[in-house]
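Written out below as structure tokens is the structure these notes cover.
The values are calculated or read from the model by the stated rules, or taken from the named source; none is laboratory data. This structure is a prediction, so every number in the text was calculated from the model and none was measured. Every residue, glycine among them, receives a Cβ derived from its backbone with ideal geometry; neighbour counts consider all protein chains shown. Accessible surface areas use protein heavy atoms only, side chains included; no ligands, DNA or RNA. Shrake-Rupley method; radii C 1.70, N 1.55, O 1.52, S 1.80 Å.
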Amino acid sequence: MKKRIGFKTLGCRLNQFETDALASKFVGLGYEVVENSKDTDVFIVNTCTVTNQSDQKSRYVVNNALNHGHTGMLVITGCMANNHKEQLEKRYPNAYVVDNQQKSTIPQLVEAHYNKEILPSNQNVGGVFDYAPAAETFHTRSMIKIQDGCDNYCTFCIIPKVRGRAVSRPVEDILENIRQVVGFGYKEVVITGVNISRYNYNGIGFSALLKQIVDIKLDFRVRISSIEPDSFDEEFFELLKHPKITPHLHLCLQSASESVLLQMRRMYTYKLYKRIVERLREIDPRFNITTDIIVGFPGETEADFQKSLDAVEELSFGHVHTFKYSKREDTRAARMSNVVPEQDKTLRSEELRQAANDSKINYRQQFIGEQLHVLVDTVKDGYSKGYGEYYVPVKINQSLERNRLYTVKITGIEAQGEEHNLIGVVQN
Amino acid sequence: MGKGVPAANKIKTDLHEILDIRHLTDSTFVLRIEKKDLEFEAGQHVCVGPPNGIHTREYSIYSAEQDEYIEILVKEVENGLVSPSLKKLQKGGYVVVEEPVGYFTINKDLPQTQKYVFIASGTGVSPFHSFVLSGKAENYTLLHGVKYASEAYESEAYDKDKYVLCTSQEDKGTFNGRVTDYLKANHFGADAHYYLCGNCNMIHDVYDILEEQGVSTDNIHAEVYF
Ligand SMILES: Cc1cc2nc3c(=O)[nH]c(=O)nc-3n(C[C@H](O)[C@H](O)[C@H](O)COP(=O)(O)OP(=O)(O)OC[C@H]3O[C@@H](n4cnc5c(N)ncnc54)[C@H](O)[C@@H]3O)c2cc1C
């Protein structure tokens with residue numbers, strides 16, 4: 001009988017990419033892959049540690065699996081595994097705790113476990129890019145990892161400590177990876193990494209890489225995921241006009257207060273950020289800019305917070321991920337004194353969430369009456385869902401084919417809890 | 001796949017011997033340590049800590065790229081954790097050093113004649129010392145903001161006419177007042193590249209002043225210490 005392997009992924013796109021790549025590898029090895037721990041022989045939790053909440057969520061997932069009777073092999077990997085390896089090994093003595101550098105060797109570890117030749121995970125030779133391309137598993141978009149690590153040292157961030165120094169993947173590997181996944185039938189590739197704008201492989205920077213990607217003579221679209229607004233060049237803005245590149249960037253802002261940005265050691269000013277947004281909207285007035293904002297960073301005054309709140313309206317974000325600042329030990333911000341009281345953080349975060357929600361609805365409404373090219377990723381109960389080129393979810397009340405692009409006319413917007421899907425009808 | 005792929009990108013740390021310590025004021029000193037195989041670009045920093053602890057802090061490299069040692073300029077912060085313990089170390093002892101990192105460097109594509117204005121507060125002068133000694137910038141003016149003239153830290157390294165010591169608490173510098181006051185009264189033009197290093201408040205104010213003077217943020221580079 002096929003062994004069943006379950007995955008749970010927390011955190012960033014890079015983690016998703018790595019899960020997808022691992023899952024494809026397991027499919028290739030003859031495992032059945034599912035997205036939870038139920039009745040699985042192996043359960044792999046790909047954790048995140050970016051905030052305290054992510055630590056808690058990651059622990060919750062592990063505990064929940066154990067409480068629901070998971071008795072099979074348990075693998076904990078991802079950034080929390082890097083950051084709290086010893087604690088995790090103590091708390092879950094039967095789990096394999098595998099750090100990011102070894103993550104790609106999990107299939108070997110699992111095989112070794114079942115061959116009863118259990119290897120201590122830290123003796124496997126792996127590598128941060130040592131993943132086979134992700135084939136058909138959970139997503140219709142294929143994540144392409146181009147870079148790992150970060151050298152920016154933002155004062156709130158633990159990532160450089162857990163992901164390590166910036167390292168870029170060879171250009172030819174990336175191009176080959178894209179050719180392969182497009183060959184598998186993927187219509188969209190998502191460029192991922194911890195800090196992709198700092199990509200540099202033997203003098204080839206991010207824009208030069210992107211140029212080579214769009215020049216691949218195959219039919220696919222490119223989504224640039226999370227990017228730092230600190231090293232854009234003219235070539236990049238030019239490339240964004242290319243028909244293969246989708247008009248969406250997740251451009252991390254964190255705060256719109258210049259003094260908070262400095263305290264965070266971000267490498268840009270709000271003025272520069274605003275100029276970038278203006279340039280993007282010159283390329284396409286509906287360019288979707290989504291972002292992360294931290295509220296309650298040490299020293300953030302009401303006036304600083306108000307600036308972030310104003311920015312949400314001023315910049316018409318398509319989506320804002322609001323984080324309440326949470327202290328990460330061993331970061332510079334953890335040693336800062338003007339801590340914002342928890343209840344103020346909660347109030348600010350609520351206020352920002354509300355503003356972000358309004359902004360999201362406003363942003364989405366402009367598509368009513370327009371046509372979008374929707375890549376369908378979910379088909380169930382008589383409806384289909386997918387994302388248009390602007391990375392806005394669209395629901396179509398009809399069963400369509402998964403992983404196919406449809407031209408959809410947007411007819412309305414439908415609230416579903418916090419989510420506001422566009423509703424549309426197929427044109428072709 | 002995986003050809004030429006680095007096996008891991010873990011941060012490399014190593015123990016480096018302390019070759020010399022120069023005390024410049026009661027609280028500030030230069031720590032000279034073995035270079036080993038560390039290569040860096042002027043303006044980058046290293047994380048340094050005492051050999052027996054787990055804590056390190058960032059310090060800009062003070063010495064030149066071509067020197068056979070690495071130097072850092074450290075001010076002991078009262079009630080701080082790492083800087084007071086670094087001050088207690090002795091020649092012949094060791095420190096933990098992580099490999100150099102950072103983007104506060106001179107753009108190699110700019111011409112040799114490029115005009116630079118370096119603006120520092122306190123030990124924020126350290127990367128500029130490295131720029132100048134490494135021959136990264138010839139056409140520069142260095143504005144150094146301190147409280148007292150005794151904090152001019154080895155200013156003989158700079159051309160006399162290129163170094164402006166701004167002393168805020170006594171009238172012994174080139175200029176009596178804050179660097180920001182000096183900058184308001186002296187414009188260096190929109191074509192210069194401005195490098196700001198030190199405490200956050202100074203950097204914040206300088207951004208505002210430069211903006212008023214019509215300098216584009218593309219020409220402003222900042223390294224925040226605290
Ligand atoms: C990129 C970078 C480069 C740096 N380069 C240098 C350098 O070349 N020389 C140097 O002396 N320091 C430098 N620093 C500051 C240094 O990393 C430490 O923060 C400093 O030595 C205090 O560490 P500590 O453990 O003693 O104090 P901590 O226990 O970490 O902090 C105590 C408090 O002192 C404040 N503080 C930090 N630095 C100073 C300072 N210089 N003066 C007054 N208050 C301060 C902090 O805000 C904190 O609240 C740099 C920081 C960064 C981010």
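Every listed requirement among (1) buried (at least 23 other Cβ atoms within 10 Å of the Cβ); (2) over 29 Å from A:MET80 (Cα atoms); (3) at pLDDT below 95; (4) not small (Gly, Ala, Ser) is met by A:THR192 save one, (2). Can you confirm whether region B:39-61 contains a residue that is within 14 Å of chain A (Cβ to nearest Cβ), among the basic types (Lys, Arg) and within 9 Å of the ligand (Cβ to nearest atom)? Within region B:39-61 (the criterion being within 14 Å of chain A (Cβ to nearest Cβ), among the basic types (Lys, Arg) and within 9 Å of the ligand (Cβ to nearest atom)), the answer is yes, since at least one residue qualifies. Scanning region A:151-191 for residues that are away from every other protein chain (no Cβ under 11 Å), more than 16 Å from the ligand (Cβ to nearest atom) and touching a Lys or Arg at 6+ places or on another chain (Cβ under 9 Å) yields A:TYR186, A:LYS187, A:GLU188, A:VAL189, A:VAL190, A:ILE191.
Determine, yes or no, whether B:LYS108 is without any contact (Cβ under 8 Å) to a residue 40 or more places away in the chain, farther than 24 Å from B:PRO51 by Cβ and within 14 Å of chain A (Cβ to nearest Cβ).
Working: without any contact (Cβ under 8 Å) to a residue 40 or more places away in the chain: yes; farther than 24 Å from B:PRO51 by Cβ: yes; within 14 Å of chain A (Cβ to nearest Cβ): yes.
Judged against the criteria, B:LYS108 is a match.
Only a single item in (1) surrounded by 14 or more Cβ atoms within 10 Å (Cβ to Cβ); (2) closer than 16 Å to B:ASN139 by Cβ is not met by B:TYR207, and it is number (2). Evaluate region A:312-327: report whether one residue or more is more than 23 Å from the chain's Cα centre (by Cα) and away from the ligand (no atom under 16 Å from the Cβ). The answer is yes; a qualifying residue exists.
Of all positions in region A:336-344, none carries a residue that is within 14 Å of chain B (Cβ to nearest Cβ), in contact with a Pro (Cβ under 7 Å, 6 or more places away or on another chain), within 16 Å of the ligand (Cβ to nearest atom) and open to solvent by less than 30 Å² (accessible area, probe 1.4 Å). Taken over region A:254-275, residues that are open to solvent by 10 Å² or more (accessible area, probe 1.4 Å) and in contact with a strand residue (DSSP E or B) (Cβ under 9 Å, 6 or more places away or on another chain) amount to 7. Scanning region B:65-104 for residues that are of a type in the set (Ser, Thr, Tyr) and either open to solvent by 30 Å² or more (accessible area, probe 1.4 Å) or assigned by TED's automatic domain parsing to the domain that holds B:ASN139 (or both) turns up B:TYR69, B:SER85, B:TYR94, B:TYR103.
Which of the residues belonging to region A:396-418 are surrounded by fewer than 21 Cβ atoms within 10 Å (Cβ to Cβ), in contact with a strand residue (DSSP E or B) (Cβ under 7 Å, 6 or more places away or on another chain) and assigned to a strand (DSSP E or B)? Residues satisfying the conditions are A:LEU405, A:THR407, A:LYS409, A:THR411, A:GLY412, A:ILE413, A:GLU414.
Tell me the residue from A:ASP219, A:ASP230 that is farther than 26 Å from B:GLU58 by Cβ, touching a residue at least 12 places away in the same chain (Cβ under 8 Å) and out of contact with any strand residue (DSSP E or B) (no Cβ under 8 Å at 6 or more places or on another chain), please.
Details: A:ASP230 fails: farther than 26 Å from B:GLU58 by Cβ.
Within the list A:ASP219, A:ASP230, the selection yields A:ASP219.
Only residues that are within 11 Å of chain A (Cβ to nearest Cβ) and either near the ligand (Cβ under 6 Å from one of its atoms) or touching a Ser or Thr at 6+ places or on another chain (Cβ under 6 Å) (or both) were counted across region B:69-101, and they come to 5.
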